[in-house]
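The values are calculated or read from the model by the stated rules, or taken from the named source; none is laboratory data. The shown structure was predicted, so the numbers you read here are calculated from the model rather than taken from an experiment. Glycine also receives a Cβ, built like all others from the backbone with ideal geometry; neighbour counts cover every protein chain displayed.
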Amino acid sequence: MIKEEILKLVKNIVPEDIHFDIEFQEDGKFGHYSTSVAFALAKKEKKLPSIVAKEIIEILQKNTLFEKIEIAAGGFINFWISKDVLRGELKNILEKKGAYGQNKKGSGKKIRIEYVSANPTGPIHIGNARGGPYGESLARVYEESGYEVLREYLHNDVGGQIDKLGETLWYWYEKKLGKDATFPEGGYQGEYLEEVVTAALKKFENKENITVARLTEFGLDYIFENNMGVLKRMGILFDLIRKESELISSGKTQEAIDITKKKGATKENEGALWFSPKDEFLEDREAVIVKSNGRPTYFASDIAYHKEKFESGYDFVIDVFGSNHHGHVPKLQALTKLFGYDSEKFKVLLYQFVRVKRGNEVIKMSKRAGTYVTTEELLDEVGRDNVVFSLLSSAPTTHIDFDLEAVKQKSMQNPVYYVQYAYVRARSIGEKAGTFVLDPTIDLSYLHTNEDLFLIRKLIQFPEIIDMCVSDFEVHRLTRYATELARAFHNFYEKEHVIGEKEEIFQARIFLIEATKIVFENLFRVIGINIPESM
RNA sequence: GCGCCCGUGGUGAAACGGAUAUCACGACGGUCUUCGAAACCGUUAUUGGGGGUUCGAAUCCCUCCGGGCGCACCA
């Protein structure tokens, strides 16, 4: 990674407490990379930034990594990388192939990431679907960095919501048998649960002998399997499904309650047991863990679950939740204290719910009211790549308004096609070129035009992007980068030729084409979209 | 009422406190007798208002306005 090399070189010069970064420059006029380190250092040393920059440059100038270093705008340091270094990196891509972009920073470390964890009372809707591609690409990015990743999902299969699910299913069941039935208060609206009952009736032989419990169990499994199927369509597979019912039946929930109590983090009030830790995470916000009727709440199981996460020997624990859970976050953070886990190593990442519109009308995403747009519907309508790429295109804190009609209409203009088309174009050149041998000792100095060199610069940025995602979880950078890389390639394609050029240029360019294909393939894999052969 | 998040071209978004705010869509005007025109090249903004901190603010602080989401013996 060139960026990292520059960073190291500069770090050797400036004091440790100076914080700075090396920035990739899209537009070459401020160099290939730049830094504003001189401003920070100048402040500390009470000198002029331009003087400080000059001192830094004098030390770096001899380094063969650079072709040129300049001071600009009173203190920015702009680096131009030697062309041979850039070309050398290109060879690196061909050498590493599928492993290009990976690094070993997380080698030997383990991380567990929980995401989606949708309630099993209905299909996954677009509102919470965002957590899928987000959590998944985060997992992939960590894998690229050498971490061992556990993808986990909490199946909330007990509690009041499940009772309501059962009641609603029972209503449909009785109705289908021709009995008089009234829709349960607070039951789940919509036709979906009727479909579940239809499926249940197909399965059960003795239709008269069905109990609420059996129906509920069937419904839970049915909905869960369907949801897993939808996630799988988006390329998401979990390593661990933790069922809340198992946490309870194994005694882990009770054990967690006992320990919490013993540690003095509870209090009793009106017959219920409350979580009430005394630390900076929680001022006056408390939560019930055992109801006055003796039943543990969801939070009791969540304590057990997080205890398990914290004590499992993992180096990092990440939860990806919808922002509607943000009130829950301080309580979870308090658990790190309780179980002696480094709070720096536990991160709750929140994403804003996707709001859906039909024209000007906002569709409220409610399972209870049955008013939601399912992820499956969207996948059917516009396809996986489109859905994944779109959901991953904006920062998780952005409030996305999804206009369903517009999305359907615009699906063919989604940037994902722009990106995939670039890859297909590269591929097609490779195919047209027929058989050729890639010689690793090839002379790449024939790659010298602006388009050649910019494409190389963009390609070798890939490992840097991966590295950045790991450090700040901003995986939407990946789709952004994909669009930029595609543009670099399309520009190259318009202005330069491969086939028909004289042999030396052809050899060098076909090398560049192969490198482009490799980076796109690796990138698509990390984003979680298809690697198309043609379009 | 209290807390969390957001406000950037006509639209949807991007931008570790950095330089002339970046893309896509839409609109208008150009580019195919050579590797796929699903592409390329032009034109289209004083980052919701007002203060402050800083050499430098879309970004940090205060305040106002507008929007989303939480504040249960639900999960």
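Things to note:
- Cross-chain or 6+ apart pairs with Cβ under 9 Å, the range A:194-206 first and farther than 15 Å from A:Leu165 by Cα, then of a type in the set (Val, Ile, Thr) and part of a loop (DSSP other than H, G, I, E, B): A:Leu201/A:Ile210; A:Phe204/A:Ile210
- Considering (1) within 11 Å of RNA strand B (Cβ to nearest atom); (2) surrounded by 15 or more Cβ atoms within 10 Å (Cβ to Cβ); (3) among the acidic types (Asp, Glu), the lone condition that A:Glu533 does not fulfil carries the number (2).
- Positions within the range A:134-170 being free of Cβ contacts under 8 Å to residues at least 40 places away in the same chain and either among the hydroxyl-bearing types (Ser, Thr, Tyr) or at positive phi (or both), in sequence order: A:Thr168
- Looking at A:Asp452, A:Asp403, just one residue is closer than 30 Å to A:Val498 by Cα and either touching a residue at least 60 places away in the same chain (Cβ under 8 Å) or of a type in the set (Asp, Glu) (or both), and that residue is A:Asp452.
- Every condition in (1) touching a strand residue (DSSP E or B) at 6+ places or on another chain (Cβ under 9 Å); (2) more than 8 Å from RNA strand B (Cβ to nearest atom); (3) at pLDDT 90 or above holds for A:Ala334 except the one numbered (3).
- Identity of the residue in the range A:422-449, modelled with pLDDT of 90 or more and of a type in the set (S, T, N, Q), that ends up nearest to RNA strand B (Cβ to nearest atom): A:Ser428
- Helices (runs of 4 or more DSSP H) lying entirely in the range A:1-90 (those with 1 or more residues that are more than 14 Å from RNA strand B (Cβ to nearest atom), crowded, with 19+ Cβ neighbours inside 10 Å and modelled with pLDDT under 90): none
- Residue match in the range A:480-496 (condition: within 14 Å of RNA strand B (Cβ to nearest atom), in contact (Cβ under 8 Å) with a residue 12 or more places away in the chain, of a type in the set (D, E, K, R) and crowded, with 20+ Cβ neighbours inside 10 Å): no
- Exactly one residue out of A:Val212, A:Val230, A:Val196 is among the hydrophobic types (A, V, I, L, M, F, W, C), surrounded by 19 or more Cβ atoms within 10 Å (Cβ to Cβ) and over 24 Å from A:Ile529 (Cβ atoms): that is A:Val196.
- Of the helices (runs of 4 or more DSSP H) entirely within the range A:100-181, those holding at least 2 residues that are at pLDDT below 90 and crowded, with 23+ Cβ neighbours inside 10 Å occupy A:126-129.
- Single residue of the range A:269-295 satisfying the filter (at pLDDT 90 or above and closer than 25 Å to A:Gly340 by Cβ) that is nearest to RNA strand B (Cβ to nearest atom): A:Val288
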